[in-house]
Amino acid sequence: MFAGIDVSKDDLEAQLDSQAEEMSCSNTAAGFSRLIRWLKSHHVSRVVLEATGGYERQVMKALQAADLEVVRINPSRARSFARALGLQAKTDPIDAKLLAHFAATIKPPKSQPTSPEQDDLRALVHQRENFVQQRSDDERRVKTASSDAVKNLLKSHIDYLAKVIASVDIQIRQSVENLNKKGFHNCARSKE
């Protein structure tokens, strides 16, 4: 039995591949408990969900902690699979059913659980990318700003972001070193 879960900020929509069974719950710890009971009652062997900008992380950890095999896939893979099947409609139940069908058909390898340290590193790298993007945006704005006062504010913000990025770089290096000491060698790398 395979299940697909469509994840949003507030809700989870789960569907089984081989049955017309579905369930909805909140994207909260209480919802995770309901979802896990439901999945286990149906003897689900694999669950597929999409990476949704982080909204999937907590439910994924809860499912893994409950000894369920979980696969997180890139949304573009799910869209390509849907196109290959000729599916156009997009609703949460249809997406969940599609993900369950993907699990049964493709049988992707399960996602490995991550440690809190790996999660922290991922968050640091993600935030660094945001700061670098903000700095680049401000550098473009300086070139088009018509007011000297605005240019000065932007330059000040750029200088501030440069300092913050340097600080985050130090934290990332320390985090990578700590993970390497613990035996984790596949750490995220940041790019500027």
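The values are calculated or read from the model by the stated rules, or taken from the named source; none is laboratory data. None of these values were measured; they are calculated from a predicted model. Reconstructed Cβ throughout: ideal geometry from the backbone, glycine too, with neighbour counts over all protein chains shown.
Evaluate the following for R128: is it in contact (Cβ under 8 Å) with a residue 24 or more places away in the chain, of a type in the set (K, R), more than 23 Å from A30 (Cβ to Cβ) and not assigned by TED's automatic domain parsing to the domain that holds E13? Here the answer is yes, as R128 does meet what is asked. Considered as a group, the residues in the stretch 36-58 that are more than 19 Å from S26 (Cβ to Cβ) and among the aliphatic types (A, V, I, L, M) include one that is modelled with the lowest pLDDT, and that residue is A51.
Scanning the stretch 37-60 for residues that are among the hydrophobic types (A, V, I, L, M, F, W, C), out of contact with any helix residue (DSSP H, G or I) (no Cβ under 7 Å at 6 or more places or on another chain) and within 16 Å of A123 (Cβ to Cβ) returns a single hit, M60.
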